[in-house]
Amino acid sequence: MSVATGGSEPGAAGGGGGSRVFFQSPRGGGGGSSSREDSVPLPVPAPAAAQVQQQQQQRRQQQGKVTVKYDRKELRKRLVLEEWIVEQLGQLYGCEEEEMPNVEIDIDDLLDAANEEERAIKLQEALVDCYKPTEEFIRELLTRIRGMRKLSPPQKKSI
């Protein structure tokens, strides 16, 4: 049996300093020695186990692609809505985004509201400093969020 160490530092064969030791059986299969070292089973994965691992990895990657594909659609809807909100707020406040007062409209918070009246009240409270009429903006925003879902953080699934 031969030993190959995975480090070039002094003491790498001694196992110190985070080095790795790999055990290899002699080539040719001859010799027939029966020392204690040869009788110790080595944790070498069988080819079938390696194939199963590879298939599981591919399955995880495929599932990830499918999940991302469906989440992208919701994310895209959300992004389009947020861009529309910024544009509308710019018109309501009569300024560019950089000059706009700090107005926070949390879409998920609106979606958590029990009904449209509660959503409208939350929007009116957020826009209390706006000097232009906000009713049309509120009505249009409520129409646009109808049917949307609250975004949840991605969850890792174990296989």
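Since every read-out is calculated from the coordinates, none of them should be taken as a lab result. In this text, all values refer to a predicted model and were calculated from it rather than measured experimentally. Quick reminder, even Gly has a Cβ in these numbers, built from the backbone with ideal geometry, and neighbours come from all protein chains shown.
Key figures
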item	result
Pair-distance profile P(r), taking every C-alpha pair of the range 82-154, with 10 angstrom steps and integer %	18, 54, 25, 3
Nearest-0.05 FRET efficiency for Ile121 and Glu98, computed from C-beta distance (R0 25 Å)	0.30
Charge tally in the Cβ shell below 10 Å around Asp109, where Lys, Arg are +1 and Asp, Glu are -1, Asp109 excluded	-1
Gain upon complete extension [Thr143, Leu75; 0.36 nm per residue less C-alpha separation]	22.7 nm
